[in-house]
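Everything below concerns the one structure shown next.
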Amino acid sequence: MARKLRLEYAGANYHVISRGNYRADVFGDEATKSAFLACLGEACLKTGWVVHAWCVMANHYHLCLETPEPNLVQGMRWLQATFSKGWMVGSPAFKKELLWEHRHLAAAWERGDEEATELATAVWEERIRTCLAALGKNDEAVAEESKGAGWKVAIAATLKSSTTATNPWLAQRLNMGSPFRLSRLVSACRAAPQPYASDLKRIAKCKV
């Protein structure tokens, strides 16, 4: 039987449960649990989620959360992917088995649910336009100015820290070249933000 559709709307409350494959332990020690909670905290910053209660067990976790925006699917996709891709869970053998088992789902995972992706893209686009307006830029500037322009990096870094916007989408939307180049530039901005400080402050005033 197909899984029931997830209903998403602003202000929704959910009880989320996620369990390890074959009920295997994925939170083997306190350090792993702490790493997951740190990742959950970042997910909340990106999505605006409000976590009212949580419980992390050896092989699963429970979240009681509220979504001010209809973004449960996008947020969970980011949380699960970021935590697992960070190699924070499971033994080496478990990770290898998990990757092999789900190799055929990789394309579907990246493609995502059509309606959820469309909604998320609309939110990202709105925030991009807010940033452009704050910096006095427009789509013509996006197309014509350097792929590594500081203001583009500032916008990308802002959306990466406050939304679930993906590197491929941002790289294409801001005309910044490859997703890998964008990732390197954003990392450099986070490590040494001073060259981008002026643009970052102007964006921050718009509460993106």
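Assuming W87 fulfils every condition listed in (1) modelled with pLDDT under 55; (2) more than 19 Å from F27 (Cα to Cα) apart from one, which condition is it?
Unmet for W87, out of (1) modelled with pLDDT under 55; (2) more than 19 Å from F27 (Cα to Cα): (2).
Just give me the residues in region 161-184 being surrounded by 16 or more Cβ atoms within 10 Å (Cβ to Cβ) and more than 17 Å from the chain's Cα centre (by Cα), in sequence order.
Within region 161-184, L174, N175, M176 meet the criteria.
Could you tell me which of the residues K137, K152, K160 is in the same structural domain as S198 (by TED's automatic domain parsing), charged (D, E, K, R), farther than 11 Å from I203 by Cα and part of a loop (DSSP other than H, G, I, E, B)?
Sole residue among the options that is in the same structural domain as S198 (by TED's automatic domain parsing), charged (D, E, K, R), farther than 11 Å from I203 by Cα and part of a loop (DSSP other than H, G, I, E, B): K137.
Name the single residue that is surrounded by the most Cβ atoms within 10 Å (Cβ to Cβ) among those in region 59-75 being assigned to a helix (DSSP H, G or I) and in contact with a Phe, Trp or Tyr (Cβ under 8 Å, 6 or more places away or on another chain).
Among those that are assigned to a helix (DSSP H, G or I) and in contact with a Phe, Trp or Tyr (Cβ under 8 Å, 6 or more places away or on another chain), it is G75.
Only one of these conditions is not met by C206: (1) surrounded by 15 or more Cβ atoms within 10 Å (Cβ to Cβ); (2) part of a loop (DSSP other than H, G, I, E, B). Which number is it?
(1)
Considering only region 164-177, I want to know if a residue exists there that is in a loop (DSSP other than H, G, I, E, B), closer than 21 Å to E42 by Cβ and without any contact (Cβ under 8 Å) to a residue 60 or more places away in the chain. Steps first, please.
Applying the first criterion (in a loop (DSSP other than H, G, I, E, B)) to region 164-177 yields 164-166, 174-177.
Applying the additional criterion that residues be closer than 21 Å to E42 by Cβ yields 164-166.
Cutting the leftovers down to without any contact (Cβ under 8 Å) to a residue 60 or more places away in the chain gives us 165-166.
Within region 164-177, one or more residues are in a loop (DSSP other than H, G, I, E, B), closer than 21 Å to E42 by Cβ and without any contact (Cβ under 8 Å) to a residue 60 or more places away in the chain.
The values are calculated or read from the model by the stated rules, or taken from the named source; none is laboratory data. Source: prediction; values computed, not measured. With ideal geometry, Cβ positions are generated from the backbone for all residues, glycine too; neighbour counts draw on all protein chains shown.
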